[in-house]
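The values are calculated or read from the model by the stated rules, or taken from the named source; none is laboratory data. Quick caveat: nothing in here was measured; it's all calculated off a predicted structure. In this analysis, Cβ positions are derived from the backbone assuming ideal geometry, glycine residues included, and neighbour counts consider all displayed protein chains. Note: areas computed on protein heavy atoms with side chains; ligands, DNA, RNA excluded. Shrake-Rupley method; radii C 1.70, N 1.55, O 1.52, S 1.80 Å.
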Amino acid sequence: MEIHWHRSDLRATDNTGLVAAEGEVMPVFVFDDGVLRYGSPPRVAFMLDALAELREWYRERGGDLYVARGDPSAVLPELAADHGVEAVHYAADHSGLARERDRAVTAALEDAGVAVHEHSDRLLHEPGSILTNDGDPYQVYTYFWKKWRDREKADPHDAPSAIADVSGEELPTLEDLGFEEPDADVPAAGMDAARDRLESFCDGPIFEYADARDDVAEGATSRLSAHLRWGTVGVREVYAATEAAMADAPDDEARESVEEFQSQLAWREFYHHVLHFSPEVVTENFKSYENPIEWRNDPDEIAAWTAGETGYPIVDAGMRQLREEGFMHNRVRMIVASFLTKDLLADWRHGYAQFREHLVDHDTANDNGGWQWAASTGTDAQPYFRIFNPMTQGERYDPDAEYVARYVPELRGVDPETVHSWHELDDETREAAAPDYPAPVVDHSERREEALAMFERARGDSEE
Ligand SMILES: Cc1cc2nc3c(=O)[nH]c(=O)nc-3n(C[C@H](O)[C@H](O)[C@H](O)COP(=O)(O)OP(=O)(O)OC[C@H]3O[C@@H](n4cnc5c(N)ncnc54)[C@H](O)[C@@H]3O)c2cc1C
């Protein structure tokens, strides 16, 4: 018998480690307090739902998911000894913390005479497999993408057939794990929900993706991020579905749209490669400036941003979507991140902490990549002088202010032109249009100048 240790791969199909195990496979999940302390209610709620479905899947096939709580470097060797297990399989993870844990677990298992197999599973192409011609990790996404796109991709794997029936503990509740119920409506978790999303997206919306992806009210993206994060769907299965859609695409425009979607999967892999080769990006700027960036970090302004009370409608709508749904549209993530770092001049780490707390799909690599991109401190980041104007972004991507009205009830019924020019109105007009909605906390044009000066000082360009 061999163990497959599930971590962020909460599925039975298209799972490399599960199919690599020889003979009967014992699927195992360990609640590890060292990892759980980085958890948050919406994320852990999604994980528990996915685990419940996974356990059910195994039970319906005569096996079980072995559940334990403790330090995996103690739990796994003991379990292996009790059941005569010869090998443990798991999917490679890329954060510094996870790799440190995996080194400790591997050492403990090998000391106990158990073989350990780490599998490439989370990504289509593992870090180290796509490098520049000089053998370095890519720092520019476009070049990475071209190589990534042209590489052959593995096919999805079948589900295992011989599953051990060893059950361990009951699944804990959120409360058992020390978490409150989430405020957000957590989306349906599990393999069935993931497959439904993938199928319905590849059945039609994928052909319009290139045009529709930035329409924030429509929200016509796949919403697969939490599933990819928790591995309730395998990335090979997702890619295979996009290739099938490519074959069915009615015209060139639709084919380009499918490729645009595939290029988002490549962004995900790009940021995982960055995290793998530069694990310090979780807390440090990727890009170094000559001088430290003098973030303003005004606590009241950061609090207004966090609460969705900045008086910039698209920013506030995004921050409220985050709290209500544990999700935010990609375009709006870019807008709120730019606003925090370039209008409020607050350190991206404040934003990253909020996203980590509230996003169901929070993923260290992507979240960090997104924040450092917006803050102009990351790999292939937005140049420091490209500062989003939150009003024109709102006008362009939410022209009817539908997205704003959905999340900011104070602005419902206010005409879109008023919504998108909120910063220019006088107090009297604002008071008449939406008395409960705040005036802008800062002046965008002034802050834009300050942001440029802040970055120029950091670059050492300033004459001050
Ligand atoms: C500040 C900021 C923080 C972010 N934090 C996260 C995060 O914690 N977790 C996360 O998965 N994504 C994050 N993203 C990327 C992106 O916003 C989400 O992946 C996307 O909104 C999820 O919706 P979707 O599944 O409908 O995306 P789709 O548009 O349908 O894209 C399909 C998949 O591609 C990947 N993807 C798409 N865009 C990106 C991107 N820019 N970078 C990396 N991968 C991408 C995701 O896995 C996504 O599920 C962040 C972006 C920004 C600007």
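Numerical summary
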{"read-out": "Cα gyration tensor category, rounded, prolate or oblate, for region 266-383 with a/c compared to 1.5", "value": "oblate"}
{"read-out": "Å² of accessible area per residue within region 299-459, as computed with a 1.4 Å probe and no ligands counted", "value": "37 Å²"}
{"read-out": "Positive minus negative residues near I302 (Lys, Arg vs Asp, Glu; Cβ under 10 Å)", "value": "-3"}
{"read-out": "Cut-off 12 Å between beta-carbons: net charge of the residues surrounding E260, Lys and Arg +1, Asp and Glu -1", "value": "-3"}
{"read-out": "Estimated distance in nm for a label pair at E428 and A188, the labels positioned 7 Å out from Cα along Cα-to-Cβ", "value": "5.4 nm"}
{"read-out": "Around A92: net Lys/Arg minus Asp/Glu count, Cβ-Cβ under 11 Å", "value": "-3"}
{"read-out": "Rounded, prolate or oblate (a/c below 1.5 giving rounded, otherwise prolate when a/b exceeds b/c) for region 314-464 by Cα gyration tensor", "value": "oblate"}
{"read-out": "Lysines with Cα under 18 Å of K287, excluding same-chain neighbours fewer than 8 positions away", "value": "K342"}
{"read-out": "Relative contact order %, region 2-121, counting alpha carbon pairs below 8 Å whose residues are six or more apart", "value": "34 percent"}
{"read-out": "Per-peptide average of other Cβ atoms within 10 Å, ordering 333-343, 65-75, 98-108 highest first", "value": "333-343, 65-75, 98-108"}
{"read-out": "Solvent exposure, largest accessible area first (probe 1.4 Å, DNA, RNA and ligands not counted), of L131, L123", "value": "L131, L123"}
{"read-out": "Relative contact order (%) - criterion: Cα under 8 Å, at least six apart; region: the chain", "value": "17 percent"}
{"read-out": "Y90, Y138, ranked by accessible area, largest first (probe 1.4 Å)", "value": "Y138, Y90"}
{"read-out": "Length-normalised contact order for region 285-357 - Cα pairs under 8 Å, 6+ apart - percent", "value": "32 percent"}
{"read-out": "C-alpha long axis of helix 252-277 to longest principal axis of the chain, angle in °", "value": "70 degrees"}
{"read-out": "Exposure of E309 as accessible area (Å², to 10), given a probe of 1.4 Å and all protein chains", "value": "80 Å²"}
{"read-out": "Cα gyration tensor category, rounded, prolate or oblate, for the chain with a/c compared to 1.5", "value": "prolate"}
{"read-out": "Extension gain (nm, one decimal) between A107 and V282, 0.36 nm per residue minus Cα-Cα", "value": "60.5 nm"}
{"read-out": "Value at 222 nm in deg cm²/dmol, rounded to 500, when DSSP H runs of n ≥ 4 in the chain each add -39,500 (n - 2.57)", "value": "-14500 deg cm²/dmol"}
